[in-house]
Structures are given as structure tokens and as C-alpha cells.
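Right, one structure below, let's go through it.
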Amino acid sequence: MLSDKVAIVTGASRGIGRFIAVALAAQGAKVVASARNVEALESLVAEIRTQGGEAVSVVADVAVEAEANNLIDQTVATYGRVDILVNNAGITRDGLLLRMKNDDWDAVIDTNLKGAFLCTRAAAKFMSKQRNGRIINISSVVGEMGNAGQVNYSASKAGLLGLTKSVARELARRNVTVNAVTPGFIVTEMTEKMTDKARETMTEQIPLGRLGEAEDVANAVLFLASDQSSYITGQVLGVNGGMYM
Ligand code: NAP
């Protein structure tokens, strides 16, 4: 149980982040749901409250320093502390190296890597003082394996693994753990739009023989957020059906 823990989830307006927010709230955490789409966040907060949970929303573009700082400050102003930060906000702007535009490189690095850095730096200030905290970075199997057509995305996700391990070393003495989850192919709106053939080709690469569910990722996050993982830091937990070992 995560009763009385205060958890921030970035990129909570849809997909995996939304699922993580609901799962944390179901375990008793007070959830601060963040993203840029205010309507989607409000509907999430309403859903959590209907289920008896506690949540508020804070609109923030994680790539903008003032907004990332405000997200953490608003959390502390509302609930008095921040125990769990899930850096989940992420985008793709795919393209082959030779055709990749600078803007597409910058947008992906700014959101996926700089956004996590900005939120982590702001939250670490409070977690260090509390001498307690859990930071969980949602990276990707693509950050471990690479992927043709995703140089920007895979670089951002690999960068997140370096950030995870370095911050884990810096904050360990303050009892703040920092870990990464690397999802493989997870069923989301994106994968639902795929052709049956593309899905089949993807599934063939997965030893467990199925795509992952947002729930599979949320379960890993719940474990890393819980007291049961208190001796685990600087680690990368693959949630990929065995496609990368
Ligand atoms: P998604 O459905 O596209 O959701 C992405 C979330 O990030 C949305 O809530 C979006 O909300 C938010 N976001 C995007 N840019 C943002 C910004 N600048 N500031 C704040 N929030 C921002 O993606 P998903 O599939 O759930 O993926 C979630 C995370 O898992 C991502 O980091 C992704 O890289 C990672 N991942 C996904 C898969 C997969 O198969 N789906 C696999 C491996 C890793 P707004 O648009 O409202 O801001």
C-alpha cells in the first residue's frame, strides 16, 4: 500500500501514464496528474475520485523549466511533500537519420530527456530534505537496443538510463532511490492503429508471444514505488516480454 504517499505522474493524460496514475491512486497514493491537456487531466482526476482515490491535476509542459518547477512546487503546496516522481511524459518524432530535422531531434530530447532532468532536479530538492523518495523514469527497450528510424527517441531513452544511474548515485545517501523501467511494445492507441501484419511481425520478436499491456508497466512502477523495493536503486527493469535480455 502507498497510503499517504504523494506521487507525481507526468504524461498522465493518456496511455501508460494515465494507467500508472490510476494504479498509484488505487494503492492509496495522493496523485498529482500532469500533462498539457487540461480536459484529459480533469477527466482522469474525476475517475480517480469516483473510485475513492485522491488526485489533483497540474498542467505542465515538462520541457519548460518554469512549468516543471511549478509542478513540483504546486505538489508540495497542496500535499506538503513529494514521495514519488514518475517521469513518464514522452513523444516520438520518427525518421531516418539522413532525413531527420533538427526540430524533431530537439523536440524529442527536450521532452523525453530534458523534461525528466528538470522534474527530477526540482523534486530532488524536497526528497533530499525529507530523506525519502522514489524516482521512476519510463525509458524504453529502444534505449537499450536502438531502433532504425528512431535515433532521436532512442538517444533520449538511452540518456534517461544514464541520468537514472547518476542521480541514483547522487541521492542514495539521502534515501532516495532512482530506477528506470524499459517497456517493450505496449498496447496503446498507437499500436491499436497498426495493421494486423505489422502487429504479427512485432509479436514474433517477443518470446512471451504477446504485446505488453499498460498494466504490465504500471505493476513494475508500483513495485519500484513501494517499500518492497527499498534496497533497489540505479536499476533498469525491462518490461518487454523477453524481447531484450
Ligand atoms: P502517449 O499515449 O502518447 O502519452 C504520452 C503522454 O505524455 C501524454 O499524456 C502526453 O500528454 C504527455 N506529454 C507529451 N509531451 C509532453 C510535454 N512536453 N509535457 C508534458 N507531458 C507531455 O504515450 P505512451 O505510449 O503512453 O507512452 C508513455 C511513456 O512510455 C513515454 O515516455 C514512452 O516513450 C514510453 N514507452 C511507450 C511504449 C509503448 O509501446 N507505448 C514503449 C516504450 C516506452 P499531453 O499531450 O496532454 O501533454
- Query: Just 80, 143, 28 to compare: in a GNM of the chain, with alpha carbon springs under 10 Å, which one fluctuates most?
  - Reply: 80
- Message: If you average the alpha carbon positions of the range 182-220 and of the range 130-146, how far apart do those two centres end up, in angstrom?
- Response: 19
- Task: Go ahead and set up a Gaussian network model of the chain, Cα springs under 10 Å, then flag whichever of 168, 77, 214 fluctuates most.
- Result: 77
- Task: Could you list the chymotrypsin sites (Phe, Trp or Tyr not before Pro) in the range 211-245 that lie in coil according to DSSP, counting only those with at most 10 other Cβ atoms within 10 Å of their Cβ?
- Result: 231
- Item | Span-like helix ranges in the chain, DSSP H, alpha carbon extent 30 angstrom or more, Kyte mean at least -1.0 | none
- Task: Using Cα positions and a limit of under 20 Å, work out the lysines in reach of residue 197, with same-chain residues fewer than 8 apart set aside.
- Result: none
- Note on the structure: Here the alpha-carbon Rg of the range 6-239 over 2.2 N^0.38 Å rounds to 0.97
- Message: Run through the range 70-126 and list the chymotrypsin sites (Phe, Trp or Tyr not before Pro) located in a DSSP loop whose Cβ has at most 14 other Cβ atoms within 10 Å.
- Response: none
- Query: Using a Gaussian network for the chain with springs between C-alpha atoms less than 10 Å apart, which of these wobbles most: 172, 122, 198?
  - Reply: 198
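Counting each DSSP H run of 4 or more residues in the chain as -39500 (n - 2.57), what helix-only mean residue ellipticity at 222 nm follows after dividing by all residues, to the nearest 500 deg cm²/dmol?
On the way: 10 runs with 115 residues, N = 245.
Taken over the chain, the calculation gives -14500 deg cm²/dmol.
Evaluate the relative contact order of the chain (contact order divided by residue number), counting alpha-carbon pairs under 8 angstrom at least 6 apart; express in whole percent. Intermediate values should be presented prior to the final figure.
Details: 504 pairs, mean separation 44.5, N = 245.
So the answer I get is 18 percent.
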- Item | Pairwise centroid distance, computed over Cα atoms, of the range 156-173 with the range 18-71, Å | 24
- Item | Loop trypsin sites (Lys or Arg not before Pro), the range 104-139 (other Cβ atoms within 10 Å of the site Cβ: 12 or fewer; DSSP) | 131
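All of the numbers you see were taken from the coordinates with simple rules; none came from a lab. Not measured: the values here are computed from a predicted model. Here the Cβ is made from the backbone with ideal geometry for all residues, glycine too, and neighbour counts use every protein chain on show.
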